[in-house]
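> Got a structure for you, written out below as structure tokens; questions coming shortly.
The values are calculated or read from the model by the stated rules, or taken from the named source; none is laboratory data. Since we're looking at a predicted model, the values are computed, not measured. Areas reflect the complete protein model, heavy atoms only, side chains present, ligands, DNA and RNA absent. Shrake-Rupley method; radii C 1.70, N 1.55, O 1.52, S 1.80 Å.
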Amino acid sequence: MKTRKKTLDDLRRAIDAIDSELVRLLNRRASAAVRIGREKRRQGAAILDPARERKILARVKRLNRGPLGHAALAGVFGRVMKACRDLQKRRQ
């Protein structure tokens with residue numbers, strides 16, 4: 001029983017480490033999006049760029065090797081892009 005508990009704890013620690021890295025990377029992406037939003041405003045461009053978002057999702061689909069399915073990963077990236085757009089709008 002202790003071995004199973006230790007294994008589960010080890011796996012959870014691995015997930016925690018991955019989550020920490022995801023938080024760091026998501027905030028790095030958000031910071032880049034804020035800079036892009038400033039440049040869009042300077043150029044008079046719209047915050048939402050549907051063609052660019054389609055390209056991002058197509059690239060994510062090409063990169064995906066699972067186990068997450070394409071729809072699940074597209075959903076995650078869709079939420080990330082929405083959060084970044086919201087930041088761009090608020091940081092005017």
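> Past 24 Å, Cα to Cα, is the threshold; run Lys55/Lys82; Lys61/Lys82; Lys40/Lys61 against it and keep the listed order.
On the way: Lys55/Lys82 15 Å; Lys61/Lys82 18 Å; Lys40/Lys61 26 Å.
The pairs that break the limit, which is 24 Å between Cα atoms, are Lys40/Lys61.
> Something else now. Using the Karplus curve 6.51 cos²θ - 1.76 cosθ + 1.60 with θ = phi - 60°, what ³J(HN,Hα) values do you get for each residue of region 48-56, in whole Hz, with x for Gly and Pro?
In residue order, the calculated couplings are 7, 10, x, 5, 5, 5, 5, 5, 4 Hz.
> Moving on. Tell me the carbon and sulfur percent of the accessible area for the chain, rounded to whole percent, probe radius 1.4 Å.
Working: 4440 of 7600 Å².
It is 58 percent, rounded to a whole number.
> Just the accessible area per residue of the chain, please: how many Å² with a 1.4 Å probe?
Values: 7600 Å² over 92 residues.
Ligands and nucleic acids excluded, the result is 83 Å² per residue.
> Using only helices, what value at 222 nm comes out for the chain when you add -39,500 (n - 2.57) per DSSP H run of length 4 or more and divide by the total residues, to the nearest 500 deg cm²/dmol? Please report the intermediate quantities before stating the final value.
On the way: 3 runs with 77 residues, N = 92.
Calculated at 222 nm, the ellipticity per residue is -29500 deg cm²/dmol.
> By how many nm would the segment from Arg91 to Leu68 lengthen if fully extended, with 0.36 nm per residue of separation less the alpha-carbon distance? Mind dumping the intermediate values first?
Numbers: separation 23, 0.36 × 23 = 8.28 nm, distance 3.26 nm.
Gain in length upon complete extension: 5.0 nm.
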